[in-house]
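Input: a single structure, listed below in structure tokens.
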Amino acid sequence: MKIGIVCYPTFGGSGVVATELGLELSKRGHEIHFITYSQPVRLELLSNNVHYHEVNVPEYPLFLYQPYELALSSKLVDMVKLHGIELLHVHYAIPHAYAAYMAKKMLMEEGIYVPIVTTLHGTDITLVGSHPFYKTAVTFSINKSDAVTSVSKSLKDDTLRLFDIKNDIEVIPNFIDLNKYQQHYTDCQRDMMAKEDEKIITHISNFRKVKNISDVVKVFYNIQKHIPAKLMMVGEGPEREPAERLCHQLRIQDRVVFFGNSNEIDKILCFSDLFLLPSVTESFGLAALEAMASGVPVISSNTGGIPEVNIHGVSGFLSNVNDVDDMSKNAIHILEDPNRLSKFKANAKQESKKFDIHNIVPQYEAIYESTLQKC
Ligand code: GMT
């Protein structure tokens, strides 16, 4: 199949999932066209089967907001016609599903029919999409998609609760390429980051409010009072600076490393002992799955789709949002006993296998095939 993939190309779960999906589909013989405003961060290898088309939005002083949807739908029409793309798979409803619908209508005027598969990722539903200013257009574009998928059962339930949806929504969970996480502890250069007796705690996110970054710091503060430890903070976003200030206030700044964005999270996870994800909402928690695939247990909140990934008492522990004391207690419980830590590490790795890319990607292929057959 010739598939056009639209996503946010930045560091963020939906863009990562869309890029990894496209790359895996290309390995399975499909021709993939990424259509985005810059090259997706994990799209390192272009090949005969993988193409990237940049959406340009010229600046014009009249516009306070540059019309990205317009540029995207024009580009989609042009690329479908030029490359014979058979299907568009858009990740994150806003504004991608809307722009794809416009492209589909324009193409129909020329007798070309291109179906749209929309994958809902989380904040496009729970935070942004359900805002009254967007809700009408988001409902419309979900209902006008030819197929809709969501990355967790919890997100499907949220979508049905928050919007008036006429379409079926199929749950296809996020996935992981386990081969990327096969490094062994000894390959990781752990000694560069911490002393032998120190535990390494890691958090990876886009440092937005929803990630509850201050709770990451507070949980770590409690941990290091009992167990020698270092905190690795990976990612960039508006909450990074407040978190750095909090570390100074708590006088733990020399125990915390802020890396910024990284393309080497597998290396950082390789030497980590515990992963923290105390989010306020989280449709899935791809970062938690990446940690588990590296054999890192997860201390998380129990919000949204996280309980579908992190299994309480097996791959880690779940607590109510903002329950810093419970998260700290659970973290110390795992870290203080080497046998228990080893058991949780092995369990985390085992649980991640449920989300193996090779089991999940065929579910998308099946959706593409059935959608194309319907049209
Ligand atoms: O806000 C984010 O975390 C980014 C956002 C995105 O669209 O990139 O992440 C969402 O999609 C990820 C991939 O499906 C999920 O793993 C995240 O849980 C989800 N984020 C939230 O729901 C907050």
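Table for the structure above
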quantity: Candidates ASP191, ASP146, ASP177, filtered to the one that is acidic (Asp, Glu) and within 25 Å of GLU351 (Cβ to Cβ); calculated: ASP177
quantity: Enumeration of residues in the range 300-315 that are away from the ligand (no atom under 16 Å from the Cβ) and either in contact (Cβ under 8 Å) with a residue 24 or more places away in the chain or under 18 Å from ASP356 (Cβ atoms) (or both); calculated: ILE311, VAL314
quantity: Candidates SER154, SER145 - the one that is within 25 Å of MET102 (Cβ to Cβ) and either within 11 Å of the ligand (Cβ to nearest atom) or surrounded by 15 or more Cβ atoms within 10 Å (Cβ to Cβ) (or both); calculated: SER145
quantity: Some residue of the range 40-48 being crowded, with 16+ Cβ neighbours inside 10 Å and free of Cβ contacts under 8 Å to residues at least 40 places away in the same chain; calculated: yes
quantity: Residue count for the range 211-230, restricted to those that are on the phi < 0 side of the Ramachandran plot and either free of Cβ contacts under 8 Å to residues at least 12 places away in the same chain or within 16 Å of the ligand (Cβ to nearest atom) (or both); calculated: 5
quantity: Qualifying positions in the range 211-262 - surrounded by fewer than 20 Cβ atoms within 10 Å (Cβ to Cβ), under 20 Å from the mean Cα position of the chain (by Cα) and in a helix (DSSP H, G or I); calculated: ARG240
quantity: Every pair of residues 6+ apart whose Cβ atoms lie under 6 Å, when the first sits in the range 81-98 and is within 22 Å of PRO67 (Cβ to Cβ) while the second is assigned to a helix (DSSP H, G or I) and among the hydroxyl-bearing types (Ser, Thr, Tyr); calculated: HIS91/SER14; TYR92/SER14; ALA97/SER141; TYR98/SER141
quantity: Selection within the range 107-128 - more than 9 Å from the ligand (Cβ to nearest atom) and modelled with pLDDT of 95 or more; calculated: LEU107, MET108, GLU109, GLU110, GLY111, ILE112, TYR113, VAL114, PRO115, ILE116, VAL117, THR118
quantity: Subset of the range 58-80 (residues that are free of Cβ contacts under 8 Å to residues at least 60 places away in the same chain and under 19 Å from SER141 (Cα atoms)); calculated: PRO67, TYR68, GLU69, LEU70, ALA71, SER73, SER74, LYS75, VAL77
quantity: Top-ranked residue of the range 1-37 - restricted to ones that are part of a loop (DSSP other than H, G, I, E, B) and away from the ligand (no atom under 15 Å from the Cβ), ranked as surrounded by the most Cβ atoms within 10 Å (Cβ to Cβ); calculated: HIS30
quantity: Total residues in the range 107-125, condition more than 16 Å from the chain's Cα centre (by Cα) and part of a loop (DSSP other than H, G, I, E, B); calculated: 6
quantity: From ALA71, ALA93, residue being in contact with a strand residue (DSSP E or B) (Cβ under 7 Å, 6 or more places away or on another chain) and farther than 17 Å from ILE357 by Cβ; calculated: ALA93
quantity: Residue match in the range 80-91 (condition: assigned to a helix (DSSP H, G or I), under 21 Å from LEU21 (Cα atoms) and aliphatic (A, V, I, L, M)); calculated: yes
quantity: Residue among ILE201, ILE165 that is in contact with a strand residue (DSSP E or B) (Cβ under 9 Å, 6 or more places away or on another chain), surrounded by 15 or more Cβ atoms within 10 Å (Cβ to Cβ), of a type in the set (A, V, I, L, M) and part of a loop (DSSP other than H, G, I, E, B); calculated: ILE165
quantity: Entirely in the range 292-375, the helices (runs of 4 or more DSSP H) that have 2 or more residues that are surrounded by fewer than 16 Cβ atoms within 10 Å (Cβ to Cβ) and modelled with pLDDT under 95; calculated: 357-374
quantity: Sole residue being in contact with a Lys or Arg (Cβ under 9 Å, 6 or more places away or on another chain), within 30 Å of VAL128 (Cα to Cα) and assigned by TED's automatic domain parsing to the domain that holds GLY304, chosen from ILE213, ILE204; calculated: ILE213
quantity: Members of the range 47-65 found to be within 26 Å of the chain's Cα centre (by Cα) and under 25 Å from LEU107 (Cβ atoms), listed by number; calculated: ASN49, VAL50, HIS51, TYR52, HIS53, GLU54, VAL55, ASN56, VAL57
quantity: Which numbered condition LYS81 misses (of (1) among the charged types (D, E, K, R); (2) more than 16 Å from the ligand (Cβ to nearest atom); (3) under 18 Å from THR10 (Cβ atoms)); calculated: (3)
quantity: Total residues in the range 263-285, condition more than 16 Å from the ligand (Cβ to nearest atom) and buried (at least 20 other Cβ atoms within 10 Å of the Cβ); calculated: 6
quantity: Residue within the range 94-106 that is assigned to a loop (DSSP other than H, G, I, E, B), surrounded by 15 or more Cβ atoms within 10 Å (Cβ to Cβ), modelled with pLDDT under 95 and within 16 Å of the ligand (Cβ to nearest atom) present; calculated: no
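The values are calculated or read from the model by the stated rules, or taken from the named source; none is laboratory data. No experiment lies behind these values; they were computed from the predicted model shown. Note: ideal-geometry Cβ built from the backbone for every residue, glycine included; neighbour counts use all protein chains shown.
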